[in-house]
Every structure is written in structure tokens, then in C-alpha cells.
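Below is one structure, written out as C-alpha cells, with a few remarks after it.
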Amino acid sequence: MLAFGALFLILGTASASGAKISRGSQFCRIGQDCFDSKPIDAPACSIDAARSGEVCRCDSAEVRCDLPMQTVNSKLVSAYCEQMITYEADESNSFCTKYVVLDKWDDHTRPSDEHDESVDIAWWRCALKPGYRWVDGVCRHHHRYLGEVCWDGGECQNGDLESYENYRLSCAKYGEDTEARCVPSYLPLKREQCECSWWGLNLFVVCSAKDDVCNGHACVLSTGSGKHSCDMNTDNDW
């Protein structure tokens, strides 16, 4: 791969079943063999293009060529680019050659038989209501689902999903959100630097974050920088 000047980066772990997040990117310079195979008249990337498997042109506004959550035939659907190639010196220079389409997000929204997301009661009644917490002036249940506000103690429900699985949720601010919500973990979420709390679990290499910087996710030591940062693929119950 490097013989052709291509840089391949794999993020996450690929499994035979395709259940794990897998990403790759390639950069092609002018004069390299790969530049001769640059797509011509490729359609703009969309859910339809992603499902068809055809190479498509990325919208520069979309991070990593990912397609945002949208409703298609009454179902929540998103897609992330598994293999992206970028060509040097071109206005429309990024293309996705392979998408992973995720169309089972409805299974990760609040079930009809689950507790109400929030209830309109006074704070003192909220304190006496099992499973509920008073958060930012609202009495909310501590079980949180896709798109819902979350916090340290308001855990995004991942069931039996393991870290880096496609449908896993993280508690994080993303895009224009001003408060943390349960969002797909495959998104390019910022890993804030953190410090270990004196009050939570502290194993030095992994600990509870001071001042709830990680929204309940683990604060993990980096062997590269020697500093701690939030691991958004851990459960947010640390």
C-alpha cells in the first residue's frame, strides 16, 4: 500500500460479521497510478448511493463522508464511509468507495414499554421517584436512548453491544448540540482531556473523570502523550 504513496488508516476493529466499526482512508497524489482511476461524473453520496454500492462524491460539509441520520421509508437510517479516497488538487476531491448502512436505529430509541423520558413534577417529588433524576431543571429517567440528553448517571442504553460495534451509543456533544446526547459512537467525537476524580473508581490507567468531563465515560491514560482523555466507547457509568 505505501509503495503507491497511499496512506491507509484503520480505525476500530473489523469483524467477520461486519458488526464492528471499520474505517479506511487513502490519499492519492498527482502522478501516482491511483490518480488515473479517479472517478468521473460520480453521483453525490446519498443513502441510495450507499445502498447500491456505487462510488460516490462526498459532500465537503459531511465529516469523513458520513451520511447523517435521516428518515427513509419511516425508518431511521444513517451511513458511515468505510473506505474513502481523496485526490490531490481537486475541488471535489473525496469519494466514498464503500459505505456501511445502518438502518436499525429504531431499535435504539425509547421503547414503548420503557419509563417516560421525563415527567413534569417538582424537584422534591422527582427525588422520591425511583429511577428519576433532577437534571437541568427537568425530572428525567436515568435510562437514556438515541437522541436523548444524557449525563454521568444518565446512561445511554447499549444492551449487549460491545465497544466499537456499529450501533453503539456514546454520551457526547456533537455538531451544534450544546448539551450531551446519546449519539452513534462511530461519529468523530472529540476526546476531551481529563483528570482522575478523587471520588470515583481510580485504577490510574483508567478512572472516573473529575468534574464529569467525560459525561460518565472512562478517563483513560494514553501511552503516547502520557495524558488522560475520555474513551467514548466505554459505558458512561464510570
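The values are calculated or read from the model by the stated rules, or taken from the named source; none is laboratory data. These figures come from a predicted structure and were not determined experimentally. Every residue, glycine as well, gets a Cβ built from its backbone with ideal geometry; the counts of neighbours run over all protein chains shown. Areas reflect the complete protein model, heavy atoms only, side chains present, ligands, DNA and RNA absent. Shrake-Rupley method; radii C 1.70, N 1.55, O 1.52, S 1.80 Å.
State the number of residues belonging to segment 1-36 that are modelled with pLDDT of 50 or more and either surrounded by 11 or more Cβ atoms within 10 Å (Cβ to Cβ) or under 30 Å from ASN233 (Cβ atoms) (or both).
15
Residue by residue through segment 207-218, note down the ones that are over 17 Å from the mean Cα position of the chain (by Cα) and not acidic (Asp, Glu).
Of everything in segment 207-218, those that are over 17 Å from the mean Cα position of the chain (by Cα) and not acidic (Asp, Glu) turn out to be CYS207, SER208, ALA209, LYS210, VAL213.
Identify the single condition in (1) among the acidic types (Asp, Glu); (2) part of a helix (DSSP H, G or I); (3) over 18 Å from the mean Cα position of the chain (by Cα) that ASP116 does not satisfy, given that it satisfies every other one.
(2)
Of the residues in segment 31-46, how many are under 27 Å from LYS20 (Cβ atoms) and either aromatic (Phe, Trp, Tyr) or under 18 Å from the mean Cα position of the chain (by Cα) (or both)?
The total comes to 0.
Against the condition closer than 21 Å to LEU76 by Cβ, modelled with pLDDT of 95 or more and touching a strand residue (DSSP E or B) at 6+ places or on another chain (Cβ under 7 Å), how does CYS150 come out, does it pass?
Yes: the conditions hold for CYS150.
For segment 198-238, which positions are polar (S, T, N, Q) and either open to solvent by 50 Å² or more (accessible area, probe 1.4 Å) or modelled with pLDDT of 90 or more (or both)?
Hits for segment 198-238 are ASN202, SER208, ASN215, THR223, SER225, SER229, ASN233, THR234, ASN236.
Given (1) touching a residue at least 40 places away in the same chain (Cβ under 8 Å); (2) open to solvent by 50 Å² or more (accessible area, probe 1.4 Å); (3) of a type in the set (A, V, I, L, M), identify the lone condition not met by ILE40.
With respect to (1) touching a residue at least 40 places away in the same chain (Cβ under 8 Å); (2) open to solvent by 50 Å² or more (accessible area, probe 1.4 Å); (3) of a type in the set (A, V, I, L, M), ILE40 is out only on (1).
Looking for whichever is closer than 27 Å to SER118 by Cα, in contact with an Asp or Glu (Cβ under 7 Å, 6 or more places away or on another chain) and open to solvent by 30 Å² or more (accessible area, probe 1.4 Å) here; the options are ASP152, ASP160. Which one fits?
When all the criteria are applied, what remains is ASP152.
Of all residues in segment 177-232, which are under 24 Å from LEU76 (Cα atoms) and touching a residue at least 24 places away in the same chain (Cβ under 8 Å)?
GLU179, ALA180, ARG181, CYS182, VAL183, PRO184, SER185, TYR186, LEU187, PRO188, LEU189, MET232
Pick from segment 172-188 the residues that are open to solvent by 20 Å² or more (accessible area, probe 1.4 Å) and modelled with pLDDT of 90 or more: which of them is nearest to the chain's Cα centre (by Cα)?
Checked segment 172-188; the qualifying residue nearest to the chain's Cα centre (by Cα) is LEU187.
Look through segment 45-90, keep the residues that are assigned to a loop (DSSP other than H, G, I, E, B), within 25 Å of ARG168 (Cβ to Cβ) and hydroxyl-bearing (Ser, Thr, Tyr), and return whichever of them is most open to solvent (accessible area, probe 1.4 Å).
It comes out as SER74.
Looking only at residues in segment 119-139 that are part of a helix (DSSP H, G or I) and aliphatic (A, V, I, L, M), which one is nearest to SER170 (Cα to Cα)?
Looking at the filtered set, the residue picked out is ALA127.
Take segment 140-163 and flag every residue that is in a loop (DSSP other than H, G, I, E, B) and under 19 Å from GLY200 (Cβ atoms).
HIS142, CYS150, ASP152, GLY153
Search segment 178-193 for residues being hydrophobic (A, V, I, L, M, F, W, C) and not in a loop (DSSP other than H, G, I, E, B), and hand back the single one that is nearest to TYR167 (Cα to Cα).
VAL183
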